[in-house]
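Undergrad: Below you will find the structure I want to go over with you.
The values are calculated or read from the model by the stated rules, or taken from the named source; none is laboratory data. Just so it is clear, the structure is predicted and the values come from calculations on it, not from any experiment. Counting neighbours? That spans all protein chains shown, and the Cβs are built from the backbone with ideal geometry, glycine included.
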Amino acid sequence: MILTRRFLLVAAAATAASAAIPIETKAAAGKIFRPRKLAWVVGTPGEYNFELIRAATPEEAIKLWMAEQCEGFAEPGEPCDCMACTHELVSYRMAAFDQIRNPSPGDWIRAGMGAHCDRCGYECDPEMGARAIADTAVCESCLTPEENAKDLEGAL
Ligand SMILES: [Zn+2]
Ligand SMILES: [Zn+2]
């Protein structure tokens with residue numbers, strides 16, 4: 001999965017909104033309601049290596065992603081030359097996935113991310129005309145004329 005500019009704009013707005021909540025309010029809410037682990041998307045900007053990670057903080061999400069992707073992760077202080085160690089990693093909240101146990105390619109497209117087209121296997125994203133058809137991701141060139149004609153839910 002890959003980030004899109006549209007997703008980044010929405011994520012930035014959500015981050016700004018949560019930062020505006022006073023700390024005391026957050027702390028009080030934490031006492032009453034302890035949420036399960038939050039959903040994050042972690043990966044390298046510009047690459048189709050984004051994964052859904054459930055963690056308490058963005059830092060923990062990145063650590064968990066590293067543990068999955070980097071074979072040398074168990075050796076502290078010894079970064080290897082793998083993709084995970086040599087490229088910038090980012091972590092974004094994905095509130096849309098908090099309630100979805102195993103997001104489908106269609107869910108990723110609906111959330112504004114790129115995915116692999118379920119019909120041709122090529123990379124696609126909503127900004128290139130990809131759409132979510134039920135649980136599948138479908139790139140613009142694989143959409144049937146009928147699907148193209150409809151104003152489908154999930155088209156961004
Ligand atoms: Zn590594
Ligand atoms: Zn396709």
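Undergrad: Sort out which residues of the range 79-135 are small (Gly, Ala, Ser) and within 17 Å of Ala61 (Cβ to Cβ), and write them in order of number.
TA: Those that are small (Gly, Ala, Ser) and within 17 Å of Ala61 (Cβ to Cβ): Ala84, Ser91, Ala95, Ala96, Ala111.
Undergrad: Now for a separate question. If you go through the range 120-130 one residue at a time, do you hit one that is in contact with a helix residue (DSSP H, G or I) (Cβ under 6 Å, 6 or more places away or on another chain), modelled with pLDDT of 90 or more, assigned to a strand (DSSP E or B) and not β-branched (Val, Ile, Thr)?
TA: No, the range 120-130 contains no residue that is in contact with a helix residue (DSSP H, G or I) (Cβ under 6 Å, 6 or more places away or on another chain), modelled with pLDDT of 90 or more, assigned to a strand (DSSP E or B) and not β-branched (Val, Ile, Thr).
Undergrad: Mind counting the residues in the range 35-50 that are surrounded by 14 or more Cβ atoms within 10 Å (Cβ to Cβ) and under 15 Å from Glu123 (Cα atoms)?
TA: So the count comes out to 3.
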